[in-house]
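*Asks:* First, the structure itself, so that you have it in front of you.
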Amino acid sequence: MDLKRKYTEASRTLKFDIYFIEELSIYPEMIQGGVLTQLIEYEEYLTCVSGLNQTVGGVVKGEPPFFFEIEYLKQEGEKAIYLDIIPLELDDYLDLITKKQTLTSNGNATREGTDVKVDS
């Protein structure tokens, strides 16, 4: 008996350093899911700088919101490797927005009506 595929959406994989997994696991499941969802959605828009660690900010909306910064390494033509997650204060997150270093402002394309621009 053959089983039929119920959906055809391609699976996506992310690469993590063990330290990232340990740090993310200290947060509630809602925050973990929110962070991972954003990483999946915006990974292709992350800036590539060969050999250098980079950071990008994000927020998981909730009460209270969870502001965070992700440290990652992304080489040209490869998937990003997520190295660390650091909780942020609102002021630090707003600074990242100003510098266009957030998941929703980093990259080179428009996604679902959100302007996503490359930093020069």
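*Asks:* Which residue is surrounded by the most Cβ atoms within 10 Å (Cβ to Cβ), if the candidates are limited to the range 68-102 and must be assigned to a helix (DSSP H, G or I) and of a type in the set (A, V, I, L, M, F, W, C)?
*Replies:* My answer is LEU96.
*Asks:* Kindly evaluate VAL49 against the criterion of being outside any helix (DSSP H, G or I) and modelled with pLDDT under 90.
*Replies:* Numbers: outside any helix (DSSP H, G or I): yes; modelled with pLDDT under 90: yes.
It is true that VAL49 is outside any helix (DSSP H, G or I) and modelled with pLDDT under 90.
*Asks:* Next question. State whether the residues of the range 102-119 include one that is under 14 Å from the mean Cα position of the chain (by Cα), at pLDDT 90 or above and not aliphatic (A, V, I, L, M).
*Replies:* There is at least one residue in the range 102-119 that is under 14 Å from the mean Cα position of the chain (by Cα), at pLDDT 90 or above and not aliphatic (A, V, I, L, M).
*Asks:* If you don't mind, another one. Looking at the range 8-28, which of the residues that are acidic (Asp, Glu) and modelled with pLDDT of 95 or more is farthest from ILE70 (Cα to Cα)?
*Replies:* Step by step, filter the range 8-28, then rank; the result is GLU22.
*Asks:* Just to verify a result, which residue in the range 18-34, among those that are under 14 Å from the mean Cα position of the chain (by Cα) and closer than 18 Å to LYS74 by Cα, is surrounded by the most Cβ atoms within 10 Å (Cβ to Cβ)?
*Replies:* Our first condition is that a residue be under 14 Å from the mean Cα position of the chain (by Cα); within the range 18-34, this holds for 20-21, 24, 31-34.
Of the ones still in play, those that are also closer than 18 Å to LYS74 by Cα are 20-21.
Values: PHE20: 20, ILE21: 12.
The extreme case among them is PHE20.
*Asks:* Listed residues GLU78, GLU89, GLU71; which is among the charged types (D, E, K, R), modelled with pLDDT of 90 or more and closer than 14 Å to LYS15 by Cβ?
*Replies:* Values: GLU78 fails: modelled with pLDDT of 90 or more; GLU89 fails: closer than 14 Å to LYS15 by Cβ.
So the residue among GLU78, GLU89, GLU71 that is among the charged types (D, E, K, R), modelled with pLDDT of 90 or more and closer than 14 Å to LYS15 by Cβ is GLU71.
The values are calculated or read from the model by the stated rules, or taken from the named source; none is laboratory data. Remember, it's a predicted structure, so these values are computed and weren't measured experimentally. Glycine also receives a Cβ, built like all others from the backbone with ideal geometry; neighbour counts cover every protein chain displayed.
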